[in-house]
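Just below is one structure, and these are the notes that go with it.
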Amino acid sequence: MEQKVLSAMPKLGFGMMRLPVVEGGDIDMPALCQMVDTYMAAGLNYFDTAYPYHQGRSERAVKTALVDRYPRETFMLTTKLPAWQMKKIEDREAIFHEQLERTGAGYFDFYLLHAMEEGNNYEVYEKGGCFDWLKEKKAAGLIRHYGFSFHGSPELLEKVLDDHPDVDVVQIQLNYLDWENPVRRCGEQYEILRKRNIPILVMEPVKGGAMASFHPDVEKIFKAARPDASIASWALRFVASLPGIATVLSGMSTPEQMEDNLKTFRHFEPLTDEEKRLVEQVKKEVLNVPQIECTACRYCCDGCPMHINIPELFKAYNTSLLYPTDVRAKRYYNDMTAGGAGLASACLHCGQCEEMCPQHLNITSYLETIAQKFEA
Ligand code: SF4
Ligand code: SF4
């Protein structure tokens, strides 16, 4: 990718997967418009959406909150092609044109093959010649840069890049907790991209909020060094301090989260060597407590016939692991299953959720454990 584009990218990107919502689940447009204005006013201008986010409403919200309100050349917009929404390969044209219509953007600055991973998605993108299709779109001026977002193994990443060395950019999950995680292996993925000098878009830098708070005994390690800095800010500074990072996406859901992020990025300070040591110390402490590694992406939720709010039940369970004597986890579980709706024990083991989960979690087994813990 041209160096000048890379250097023009802001360190903080606005991820549009977890937008503010009103009761009933619709996007809170006044709140979103306010957040877009605050973000743009801070001199930042990179927005990341995708076809399925908020059941398609994220791309439409981009039009209302951004495209209709700002000159097109003042911001960069990314969206993605979803393999799992295509019944046949020709569907990609209809999806692409629907995305242009939804966003009103005219063109996409970045267009990614969504969730490249072993299995169906890789086969659809590869067998369907999607990289050649992306090149055609680029030549036609409908996209400026292309690449893929990635949820697979380092071995698959090497293979895809061997076959398609001219991708402009790759989006990966990256955070300090998962750097050596034997399932995520995100440190290995980072090194592969660095070796090939491919700019990196970072997703899940705070693991869907899971790294925004820890046990008070762990948090005090960070608080002693920077009393006014949020716990999430350490995770953002960690990834943004790494070489080769084009932008760090944060899925901001409230003006408060945005303000905290802007505090970190307005006058960005890379981690010092002493702060890197503190991050290692926190990592060691946190990893002593096993957790369900859900990033709250919600890909599993739409198709669940029992309307089980899987990520929220996982959050309740993880909280109970971190705070074993605290009643808040049980209360949270009760709130999420009010009136007996969507209980973990209602799971039919149909497996739909596990097919959708980019983290390859054994969801049904976790739900059994959760039912035993909270419903006994
Ligand atoms: S396996 Fe259970 S949780 Fe998953 S989609 Fe089916 S019913 Fe829902
Ligand atoms: S269980 Fe998997 S698909 Fe569902 S929200 Fe968590 S990470 Fe996403």
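Distances between placed amide hydrogens fall under 5 Å for Leu113 paired with Leu81, Gly147, Phe148, Ser149, all partners being 5 or more residues away or on another chain. Annotation note: GluC sites (Glu not before Pro) in the stretch 1-96 located in DSSP loop regions with a Cβ neighbour count of at most 13 within 10 Å are Glu2, Glu23, Glu90. From a point 7 Å beyond the Cα of His307 in the direction of its Cβ, which residues of the stretch 11-53 have a backbone N at a distance under 18 Å? Once the point is set 7 Å along Cα→Cβ of His307, 22-27 turn out to lie under 18 Å by backbone N, inside the stretch 11-53. Accessible surface of the stretch 310-375, 1.4 Å probe: 51 percent of it comes from carbon and sulfur atoms.
Counting only heavy atoms of the protein chains, get the accessible area per residue of the stretch 333-376 (1.4 Å probe) and round it to a whole Å² value. That works out to 53 Å² for each residue. Label-to-label distance for Arg196 and Leu321 is 3.2 nm, based on points extended 7 Å past Cα in the beta-carbon direction. Taken as Cα centroids, the stretch 116-161 and the stretch 248-263 sit 29 Å apart, rounded to the nearest whole angstrom. Of all aspartates and glutamates in the structure, those lying under 17 Å Cα to Cα from Lys87, and not within fewer than 8 positions of it along the same chain, are Glu98, Glu123, Glu126, Glu355. With Cβ to Cβ distances under 12 Å as the rule, what net charge do the other residues near Lys284 carry (K, R +1; D, E -1)? Summing Lys/Arg as +1 and Asp/Glu as -1 gives -1. With a simple spin-label model that places each label point 7 Å from the Cα along the Cα-to-Cβ direction, the separation between Gln352 and Glu158 comes to 3.8 nm. For the stretch 211-226, the Karplus equation 6.51 cos²θ - 1.76 cosθ + 1.60, evaluated at θ = phi - 60°, returns couplings of 9, 8, 7, 10, 4, x, 5, 7, 4, 5, 5, 6, 5, 5, 7, 9 Hz by residue, with Gly and Pro reported as x. Normalised by residue number, the volume inside the convex hull of the Cα atoms of the chain is 139 Å³ per residue.
Once backbone amide H atoms are built at 1.01 Å from N, Gly251 has Gly15 as its partners under 5 Å, excluding neighbours fewer than 5 places away on the same chain. A run of the chain free of exposed loop cleavage sites, with trypsin sites (Lys or Arg not before Pro) counted only in DSSP states other than H, G, I, E and B and at most 11 other beta carbons within 10 Å, reaches its longest extent at 89-376. For a 4.7 Å threshold on C-beta separation, the list of partnerless cysteines in the chain reads Cys33, Cys130, Cys186, Cys294, Cys297, Cys301, Cys304, Cys347, Cys350, Cys357.
Which of rounded, prolate, oblate describes the stretch 315-360, given a ≥ b ≥ c as roots of the alpha-carbon gyration tensor eigenvalues and a/c under 1.5 marking rounded, otherwise prolate only if a/b is larger than b/c? Since a/c reaches 1.5 but b/c is at least a/b, the shape of the stretch 315-360 is classed as oblate.
Simple spin-label estimate for Asp37 and His360 gives 4.6 nm between the two label positions (7 Å along the Cα-to-Cβ direction from each Cα).
Where both bridge residues fall in the chain, DSSP classifies roughly 5% of the beta bridges as antiparallel.
The values are calculated or read from the model by the stated rules, or taken from the named source; none is laboratory data. This is a predicted model, so every value here is computed, not measured. In this analysis, Cβ positions are derived from the backbone assuming ideal geometry, glycine residues included, and neighbour counts consider all displayed protein chains. Only protein heavy atoms, including side chains, enter the accessible area calculation; ligands, DNA and RNA are left aside. Shrake-Rupley method; radii C 1.70, N 1.55, O 1.52, S 1.80 Å.
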